[in-house]
Amino acid sequence: MANLKEIRNRISSVSSTMQITSAMKMVSAAKLKKAQDAITAMRPYSNKLTELLQSLSATLDADSGSKFAEQREVNKVLLVAISSNRGLAGAFNSNIIKQVNVLLSEYSDKEVSILAIGKKVNDAFGKGGNVIANKSEVFDDLTFDNVAEIAQMIMDKFVEGDFDKVELVYNSFKNAATQIVMSEQFLPIVPVESDANVNLDYIFEPSKQEIVETLIPKSLKTQLFKALRDSFASEHGARMTAMHKATDNATELRDQLKLTYNKARQAAITNEILEIVGGAEALNN
């Protein structure tokens, strides 16, 4: 059994760790509320924009498709992997890394590149030479304009033929305890099946073709921004949950150590009493 000093040191260490994890939990909870409100407010806009775009696209001729919808033979793939810049968030980052590895296996016969958005995914794949760019700094100021620059770079590279397919890999926010790993096609735009029942009895000014050509870049930038917002909210939810569990574990360990300390202290006192009694008996004899 460890001596009393070692147990006291462990109790002090665990108590300090518990204070840190508890503070991190409260910080993540505060940030989560703001991030959750942001993604909740954004989803209806993003979904409606996509719905409008699909409705318009369904009425266009097949030969008037956008350059972002061009279907090519897939030889070069870009994976846009979104993680966090910091750890201590449970399986948040490892799930993204695991999904990227799955996609790398699926595209083993293709030329695959990775655009890292997040320090953790960059650290995981940067040494392999697959990472073409690291945009982790976007989380320092997560605004639509900053994300739009990244989306525009991806769109330009697709149009120039640097990549034939682009996929997003990120955590979608469901609630504080649940994050869903998503892998969705970013480019080319997934063809939308025409619905014969779609009734678009509108007068378009300018033409539907011009509107779609304007909406598609806007929609793609919004799609990437939503993915980053989802990941940002998921990160704080995962970290809050992880720190809550860590605090509970630290509390349980501290209580066990205190019990062990009290038992050891009681045993030491008992031994001292026995030694005193034994010494007294020896003197009397």
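Filter segment 13-41 down to the residues that are surrounded by 12 or more Cβ atoms within 10 Å (Cβ to Cβ) and of a type in the set (Ser, Thr, Tyr), then identify the one that is nearest to Asp141 (Cα to Cα).
Filtering first and then ranking leaves Ser28.
Suppose we filter segment 258-285 for residues that are within 60 Å of the chain's Cα centre (by Cα) and among the aliphatic types (A, V, I, L, M); how many remain?
6
All but one of (1) assigned to a helix (DSSP H, G or I); (2) modelled with pLDDT under 90 hold for Asn9; which doesn't?
For Asn9, the failing item is (2).
All but one of (1) polar (S, T, N, Q); (2) within 29 Å of Ser22 (Cα to Cα); (3) at pLDDT below 85 hold for Asn284, so report the exception by its number.
(2)
Only one of (1) among the β-branched types (Val, Ile, Thr); (2) under 30 Å from Val14 (Cβ atoms); (3) surrounded by fewer than 18 Cβ atoms within 10 Å (Cβ to Cβ) fails for Ile211. Which number is that?
Every listed condition holds for Ile211 apart from (2).
State which residue pairs qualify: first residue among the hydroxyl-bearing types (Ser, Thr, Tyr) and inside segment 216-239, second residue in a helix (DSSP H, G or I) in any location, beta carbons under 7 Å apart, and separation of 6 or more residues or different chains.
Ser219/Leu49; Ser219/Thr50; Ser219/Leu53; Thr222/Ser46; Thr222/Leu49; Ser234/Phe92
Can you find even one residue in segment 165-173 that is modelled with pLDDT of 95 or more, in a strand (DSSP E or B) and acidic (Asp, Glu)?
yes
Within the group Gly90, Gly118, which residue is over 21 Å from Gln185 (Cα atoms) and crowded, with 16+ Cβ neighbours inside 10 Å?
The match here is Gly90.
Only residues that are closer than 26 Å to Lys174 by Cβ, of a type in the set (A, V, I, L, M) and not in a helix (DSSP H, G or I): list them for segment 83-135, please.
Leu88, Ala89, Ala91, Ile114, Leu115, Ala116, Ile117 - these are the residues of segment 83-135 that are closer than 26 Å to Lys174 by Cβ, of a type in the set (A, V, I, L, M) and not in a helix (DSSP H, G or I).
State whether the residues of segment 171-191 include one that is within 23 Å of Ser219 (Cβ to Cβ), small (Gly, Ala, Ser) and free of Cβ contacts under 8 Å to residues at least 40 places away in the same chain.
Checking segment 171-191: not a single residue is within 23 Å of Ser219 (Cβ to Cβ), small (Gly, Ala, Ser) and free of Cβ contacts under 8 Å to residues at least 40 places away in the same chain.
Residues that are at pLDDT below 85, in contact with a Leu (Cβ under 8 Å, 6 or more places away or on another chain) and surrounded by 14 or more Cβ atoms within 10 Å (Cβ to Cβ): does segment 42-49 have at least one?
Yes, there is a match, as at least one residue in segment 42-49 is at pLDDT below 85, in contact with a Leu (Cβ under 8 Å, 6 or more places away or on another chain) and surrounded by 14 or more Cβ atoms within 10 Å (Cβ to Cβ).
Whether any residue in segment 64-79 is under 22 Å from the mean Cα position of the chain (by Cα), β-branched (Val, Ile, Thr) and modelled with pLDDT of 90 or more is what I want to check.
Checked segment 64-79: at least one residue is under 22 Å from the mean Cα position of the chain (by Cα), β-branched (Val, Ile, Thr) and modelled with pLDDT of 90 or more.
Would you say Asp145 is over 15 Å from the mean Cα position of the chain (by Cα) and in a loop (DSSP other than H, G, I, E, B)?
The answer is no for Asp145.
When you scan segment 175-183, do you find a residue that is more than 30 Å from Thr40 (Cβ to Cβ), in a loop (DSSP other than H, G, I, E, B) and at pLDDT below 95, even just one?
There is no residue in segment 175-183 that is more than 30 Å from Thr40 (Cβ to Cβ), in a loop (DSSP other than H, G, I, E, B) and at pLDDT below 95.
The values are calculated or read from the model by the stated rules, or taken from the named source; none is laboratory data. Not measured: the values here are computed from a predicted model. Neighbour counts are summed over all protein chains in view; Cβ atoms, including those assigned to glycine, are modelled from backbone coordinates with ideal geometry.
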